[in-house]
Amino acid sequence: GRHAAAGPAVAAVDVTAAPSLPARLPEDISRVPAHPGRLYLDGGSFTGAEFAATRQARLRGLPVHTERVRIGRQTSYHVIAGPFGSVAAADAALDRALAAGVPDARIVVME
């Protein structure tokens, strides 16, 4: 004879145990301006200062600098351009970086 194959086990869920929602929302509402941070171009991170200098040279013409970061015994060099005053300016900087041969450049938001 034919036998039905056993299906996957299904757990029962108790829907009556759902958390209760508040009856009303708070009446006091605050409006504050958004502070999204500032726009920068991340030009990459390197373990050697000479590699960071080469990347910084490719980004010539942008407001670019290299930050030395030490975590424990490891030192790395982060190439950063900016800040940019608008999304359009950051996009233009990204286009310049890509055209200059920096394929991993990306726009980041930092405080």
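Only sites in a loop by DSSP and with at most 14 other Cβ atoms within 10 Å count here; which trypsin sites (Lys or Arg not before Pro) in the range 27-111 make the cut?
For trypsin sites (Lys or Arg not before Pro) across the range 27-111 that sit outside H, G, I, E and B with at most 14 neighbouring Cβ atoms in 10 Å, the list reads Arg31, Arg60, Arg73.
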Ile107, Ile29, Ile71, Ile80, ranked by accessible area, largest first (probe 1.4 Å): Ile29, Ile71, Ile107, Ile80
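The values are calculated or read from the model by the stated rules, or taken from the named source; none is laboratory data. Please read these numbers as outputs of a predicted model, since none were measured by experiment. In this analysis, Cβ positions are derived from the backbone assuming ideal geometry, glycine residues included, and neighbour counts consider all displayed protein chains. Surface areas here come from the heavy atoms of the whole protein model, side chains and all, with no ligands, DNA or RNA. Shrake-Rupley method; radii C 1.70, N 1.55, O 1.52, S 1.80 Å.
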